[in-house]
Amino acid sequence: MNSSNVLEMIHRIVREYGIRGFLFHDDNFFLDLAWAHSVLEGIVQSDLDLSLGKLFIRADTLYKMDNDFLRLLVRAGVKRLVMGVESGSQRINNLLKKHLTLEQVTEANRKLISYPIKPAYMFMMGIPTETPEEVAQSIHFADQLIKENPKATRRSIFICPILELNFLRLPFSMASGSLKRFRSGRNLITIKSLRSLPGFCPRQKDL
């Protein structure tokens, strides 16, 4: 959808319903930065006084943004930027083919310190081959992001179900409440240790 159509839809909603608060639940909003810039600039030029509760963005995209683009986000009414970090372990992110470095996340977080935009970070835990030490790295990394930028939040922690993971082609199975060790002998995270993590809800414990 081109930017003019998006802006027309926003105008119609504001005009017919008086709504001025929006959530763009679109993982690809910033995939085309020129398109995103056009939408945000159109919102500013329309003087609609909107509040954009959250936008999803990759941390490396934010890392590359200049101050003019960041100021445009503020003027357009962006309140929160949600980013998927996935893991505080670079090995796990490489395994997931995230194409993102922890240094880029750290620098993106620092960029927002001087702007009234709250960064929110999402993490995944329970990835096959992930060790308890790597889970601890994720928790520590999230804490560091919040320490450096007090506006930051750890938006969600998703416990990845240890189920159909054929895309990794890993020879594992579940037995006696924990994962069998791989032939390599790595110290794998177990279901029991996952259950002890803060925020692990009862439904997740039954997986």
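The values are calculated or read from the model by the stated rules, or taken from the named source; none is laboratory data. These numbers come from a predicted model, not from an experiment. All Cβ positions, glycine included, derive from the backbone under ideal geometry; neighbour counts span all protein chains shown.
Listed by position, the helices (runs of 4 or more DSSP H) enclosed by the range 35-146 that each have at least 2 residues that are modelled with pLDDT of 95 or more and charged (D, E, K, R) are 59-64, 67-75, 102-111. Is there a residue in the range 116-124 that is surrounded by 19 or more Cβ atoms within 10 Å (Cβ to Cβ) and of a type in the set (Lys, Arg)? No; the residues of the range 116-124 include none that is surrounded by 19 or more Cβ atoms within 10 Å (Cβ to Cβ) and of a type in the set (Lys, Arg). What about LEU95, is it within 17 Å of SER38 (Cα to Cα) and not acidic (Asp, Glu)? No: the conditions fail for LEU95. Within the range 145-154, being surrounded by fewer than 16 Cβ atoms within 10 Å (Cβ to Cβ), of a type outside the set (Lys, Arg) and in contact (Cβ under 8 Å) with a residue 24 or more places away in the chain holds for one residue alone: GLU148. In the range 112-135, the residue that is nearest to the chain's Cα centre (by Cα) out of those that are among the β-branched types (Val, Ile, Thr) and under 30 Å from LEU73 (Cβ atoms) is ILE117. When the range 7-28 is filtered for residues that are of a type in the set (Val, Ile, Thr) and touching a residue at least 24 places away in the same chain (Cβ under 8 Å), the ones remaining, listed by number, are ILE10, VAL14. Annotation note: of SER51, SER138, the sole residue that is touching a residue at least 40 places away in the same chain (Cβ under 8 Å) and in contact with a Gly (Cβ under 8 Å, 6 or more places away or on another chain) is SER138.
Hey, does the range 83-93 have a residue that's surrounded by fewer than 16 Cβ atoms within 10 Å (Cβ to Cβ), charged (D, E, K, R) and over 30 Å from GLN137 (Cα atoms)? No; the residues of the range 83-93 include none that is surrounded by fewer than 16 Cβ atoms within 10 Å (Cβ to Cβ), charged (D, E, K, R) and over 30 Å from GLN137 (Cα atoms).
Can you tell me which residues in the range 33-48 are of a type in the set (A, V, I, L, M, F, W, C), loosely packed, with under 15 Cβ neighbours inside 10 Å and without any contact (Cβ under 8 Å) to a residue 24 or more places away in the chain? Of everything in the range 33-48, just one residue is of a type in the set (A, V, I, L, M, F, W, C), loosely packed, with under 15 Cβ neighbours inside 10 Å and without any contact (Cβ under 8 Å) to a residue 24 or more places away in the chain, namely ALA34. What do you reckon, is ILE146 among the aliphatic types (A, V, I, L, M) and over 26 Å from LYS64 (Cβ atoms)? Here the answer is no, as ILE146 does not meet what is asked. Within the range 1-34, restricting attention to residues that are of a type in the set (Asp, Glu) and assigned to a helix (DSSP H, G or I), the residue that is nearest to LEU73 (Cα to Cα) is GLU8.
Take LEU81 and decide whether it is under 22 Å from ILE146 (Cα atoms) and either β-branched (Val, Ile, Thr) or touching an Asp or Glu at 6+ places or on another chain (Cβ under 7 Å) (or both). Answer is no for this residue. Which condition does HIS25 not pass, out of (1) under 13 Å from the mean Cα position of the chain (by Cα); (2) at pLDDT 95 or above, if it passes all the others? Checking HIS25 against (1) under 13 Å from the mean Cα position of the chain (by Cα); (2) at pLDDT 95 or above, the one that fails is (2).
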